[in-house]
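These notes concern the structure reproduced below.
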Amino acid sequence: MVEKLTPPNLPFSGEEPAPSLRREGWGGLRVGVIGGGYAGMAAAVTLAEQGIPVTVFESAKQLGGRARGVRIPNPIRQKEQHAPPSIQFSDGTTDGTTSHLTKPHKTRQVIGYSHSTKPASGQVAGYPGGGKGDRPLSGDYLTLDNGQHILLGCYRNTLKLIAQVGGNIEQDFLRLPLQLTLHDRFELKAPHLPAPLHLLVALLAAQGLSFAERLQAARFMLAMRKLKFKLARDVSALALLRAHGQSEDLIRLMWEPICISALNTPTHKASAQVLLNVLRDSLNGRFADSEMLLPRLDFSALFPDRAAQYVTRHGGTVLASCGVDAIIPHDDGVELITAQGTQHFSHIVCAAAPANTARLFRAIPALVPVAAQIDAIPYQPIYTVYLQYPAHVTLPQPMLGFERCIAQWLFDKGRIAKQRGLIAAVISAEGLHQEWDHEQLGEKVAQELREQLGIADTPLWHKVIAEKRATFSCSVNLSRPIHTTPLANVMLAGDFSAGDYPATLEGAILSGIRAANEVIHAHVCKR
Ligand SMILES: Cc1cc2nc3c(=O)[nH]c(=O)nc-3n(C[C@H](O)[C@H](O)[C@H](O)COP(=O)(O)OP(=O)(O)OC[C@H]3O[C@@H](n4cnc5c(N)ncnc54)[C@H](O)[C@@H]3O)c2cc1C
C-alpha cells in the first residue's frame, strides 16, 4: 500500500497533485534518480506523474537491473552459421547484481521512446523469444530473463504501476491459482473459495502429508492469524515452525519451499517476521492475493521500459549507459557526476543496488554510517538454468517443483511465454550447486529432468545465469536503511531498504514510491 505522508495537500502516487501545488508549480524541485531498476523507475514514475522534473541515470545499456531481459544471439542459429557459440554467459560469472552492464559506456543513451511500445530492435513485442511460437529455435536473437521471477496477486503496488505505465495485467501475465506441486511428492492447491476458506481447504486437502500434518499446518496459520502475523520478537523461520509443532516433513515439503521462494533464504537463517509478512499478505488475504503471476514479457519490457516512456511523456529524461560516479551534496542541492558531465538537482533518490549505493555514499562523510549499514547486509544467490529442448518438450504444468534435487522449481517457458521447448530451472539461496561449474550444473539439471519426468530428449543448448548477489539474505532482525538519510535532499530506495517485504519486486517498487514521496514531503515542508 502506498505510504501516506502527514502534511496536508500532499500528493500521493496515483492521485492528482493538490490544487495549490498544481497552480504554483514545483518551484525549484528537480530530482535525479540513480538506477533504472524497478525501485528507481517506480520513484521516477511517482515524481513524473505529479509533473515534477526528473532525470534517471542508469549505468547499464538497458533498464531493469536485477529484473531485466537479456538479449543474446540464438545459439542454434550461431551453430548453423558456424559462428563461435556464446553459450557461456558472461553475466553469470560476475558478482551478479550488476554484471557487465554496469561497466561505464562511452556514450550515453537517451531513452526517448515514441508513445507506442517500442520493442528492442529485432524483437517482437509480447514474446521474449522475439516472435511467434518457435522463435527460440529459429530467430537470430532471443531474450531470456536474468532470472525467472514470480509475482504474487498481493503485489498491489507493482501491478498498479505496471498498469499505470501502459501494461495490461491480464495480457502480460499467466495467472495461476495458488498451487505448489513437488513432482510425485506433494501438492497444495487452493480451490476457488472465499478467503480464508480457500487456504484452509487447500491445507487440509494437501497431498503428500499425513492428516496430522495437514492439521498442524492449518493450526499454524490460524495461530498466526490470531497473532495478526506479528511476533513479539523475531526468530528464525525454522524456530517458529518447530515451536508450533510443524513436523520435519511438513517443513521440508511445504514451508521450506515457500520460505526459499519468498525470502531466498533458508529457514534456519530466514526472519520469521518477514515470512509472516508475506504469508499475511498472500495466503491470508483474498483468493486473488494468493494467485501466482508469471510474466509473458521479459522483465525490462514488463515495467522499466514502459516506465521510461511514461517518464519521457511527462517531461522527464531517462539516460541509459550513464552511470553516476559521484554524489556531491551542496547547501542548495546535489550534483551528480557522470562520465558525460555534471548535473545539478534539488534532490536525489539513490536507487542503485546495495553495493553500488554503499560505494557512492562512502565518499560523503554524512552518509558513511548508512554505507556501513549497507555493507553489513549479507547476500544470497539465485541460479537460473535455461535448457532449450526441441519445441515439443513440455512440462506437465507451467510451474513444477522437485524434491531433494538441485533444481528447485521448473518453469515451462513454452506454456508461459510461447518460448517453446525452453525450460527455466531455478535454484534459489546458497547451496552445494555454487561449487559446480556451469557446464556441470546444466548437465545435472538435464539429468534430473530425465530421471524425474522421463524427458528423453537432449537439450539443444543450456545456459546458466548465476546472480551471486541476487538478493539480501533476509535474516533475523536484519538492520535495513530507511528512505531518508542524514542529508535532507538525498533519499534512498531499493529492495534492501527498510520495509515489510523481503527482496522482491514489490519491495523495490514500494521503496521507490516511498523515496519519491519523501522528496515531495521534504520540498513541501521547506516551502
Ligand atoms: C535471479 C533473480 C530472481 C528473482 N526472483 C524474484 C521473484 O521471483 N519475485 C520477486 O518479487 N523478486 C525476485 N527477485 C528480486 C528482484 O529482482 C529484486 O528485488 C528487484 O529487481 C530489485 O530492484 P532494485 O531496483 O531495488 O535494484 P536493482 O534491480 O539492482 O536496480 C539497481 C539499478 O541501478 C543501476 N546502477 C548501479 N549503480 C549505478 C550507478 N552508479 N549509476 C547509475 N545506475 C546504477 C544498476 O545497473 C541497476 O539497474 C529476483 C532477483 C534475481 C536476481
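Bear in mind that the values in this text are calculations on the coordinates, not laboratory data. The shown structure was predicted, so the numbers you read here are calculated from the model rather than taken from an experiment. Here Cβ is always computed from backbone atoms with ideal geometry, including for glycine, and neighbour counts include all displayed protein chains.
Given R0 = 35 Å, the distance between the Cβ atoms of LYS226 and THR394 translates into a calculated FRET efficiency of 0.20. With K and R counted +1 and D and E -1, the other residues having a Cβ less than 12 Å from that of GLN397 yield a net charge of 0.
Entry for region 418-512 at q = 0.16 Å⁻¹: log10 I(q)/I(0) = -0.82, Debye formula applied to identical alpha-carbon scatterers, no solvent contribution. The length gained on full extension between SER479 and ASP140, counted as 0.36 nm times the residue separation minus their Cα-Cα distance, comes to 117.4 nm.
For the pair ASP457 and ASP325 in one chain, pulling the backbone fully straight at 0.36 nm per residue adds 42.7 nm over the alpha carbon distance.
Modelled spin labels at ALA163 and HIS244, positioned 7 Å past Cα toward Cβ, are 3.1 nm from each other.
Placing pseudo-labels 7 Å out from each Cα toward the beta carbon at ARG219 and ARG175 gives an inter-label distance of 3.6 nm. Annotation for GLN434 and LYS526: the two label points, set 7 Å from Cα along the Cα-Cβ direction, are 4.2 nm apart. Please report how far the C-alpha centroid of region 503-527 lies from that of region 356-413, rounded to the nearest whole angstrom. The two parts, judged by their Cα centres, are 25 Å apart. Here's the picture: a label point sits 7 Å out from the Cα of GLN207 along the beta-carbon direction, and within region 169-188 the residues with their amide nitrogen under 11 Å of it are 181-188. Local charge for GLN373 was computed over the other residues whose Cβ lies under 13 Å away, with Lys and Arg +1 and Asp and Glu -1, and equals +1.
Computed from the C-beta positions of ALA363 and THR342, the FRET efficiency with R₀ = 25 Å rounds to 0.95.
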